Amino acid sequence: MTHLLQPVPLVARWPFHGDLHIVVDGAYVYLRADDVERLAGIPAWGEGETVIGDEWPDELDGTPFYRLEQAIAKVRRHADSDTAAEFVAWLDESLPDLLDPRTVAAARPPESFTRGITVRHAAQRLTAEGLRVGRTGLFAHMQRLGWAERAGDQWSLTGLARDRGWATVRRIRHPAPGKGRHGAYDQIYILPAGLEQLRADLTPADPPVPADTRVPLFD
């Protein structure tokens, strides 16, 4: 079974034909196998095929999906079929807009801050693991990575960190007499995938093992 990191479900509607369910996971695009077969009018993946040379689907949460390049290759093997040729032409026309990063980002399910921890807490956890970094240092590191930007006297989260599922924000209200009864700011929360990414990035690489230059006493 294929393990997805940040799946984004999309549905493309081919007019007068039906829906195609798509999952975008970073650079990978998956098309639901039975949708591809139905819309393109090709045999189901388990019917009369051999393992070698065929594009077999991946299983996502128990459902077969073709990777995009596999689906296109499979359908094009049936190029003599008008339906298969029309399906590939529709994909060529529709997918660029559907897979535009802005479209994918808008469709991404929001990550709940309840699954995350504050930057201060993340710094404390990483320090306890031997990666000595304070809250200020971790914010500076996130800025170098392109996760956070300085906005006046506050930090703001970038689209990169949101889209990759590394961090999210919670709107915090606080008393602000000079600005009315209350003010608000966005507090950044590091999500589990983001903490893992920071841990890997902050862990020093193993130093190279020096070559043994001693002369052996015996051959």
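A few comments on the model shown:
- Segments 62-72, 188-198 sorted - mean Cβ within 10 Å per residue, highest first: 188-198, 62-72
- Inter-site label distance for residue 163 and residue 128 at 7 Å from Cα along Cβ, in nm: 3.4
- With a simple spin-label model that places each label point 7 Å from the Cα along the Cα-to-Cβ direction, the separation between residue 14 and residue 81 comes to 0.9 nm.
- Stretching residue 136 away from residue 154 to a fully extended chain increases their span by 5.3 nm, per 0.36 nm per residue minus the current alpha-carbon distance.
- Each of residue 145 and residue 120 was given a label point 7 Å from its Cα along the Cα-to-Cβ line. The distance between the two points is 2.0 nm.
- Scaled against the 2.2 N^0.38 Å expected of a compact globular protein of N residues, the Cα radius of gyration of region 8-107 reads 1.04.
- Sorted by Cβ density within 10 Å, fewest first, the residues 38, 115: 115, 38
- Residues with amide H under 5 Å from that of residue 148, placed H, sequence gap 5 or more: 143, 158
- Local electrostatic count, residue 123, Cβ distance below 13 Å [Lys/Arg +1, Asp/Glu -1]: +4
- Residue-wise HN-Hα coupling along region 146-160, computed from phi with Karplus coefficients 6.51, -1.76, 1.60 (Hz; x: Gly, Pro): x, 8, 9, 10, 7, 10, x, 9, 10, 9, 10, 8, 8, x, 4
Bear in mind that the values in this text are calculations on the coordinates, not laboratory data. Being a predicted model, the structure only gives us computed values, none of them experimental. In this analysis, Cβ positions are derived from the backbone assuming ideal geometry, glycine residues included, and neighbour counts consider all displayed protein chains.
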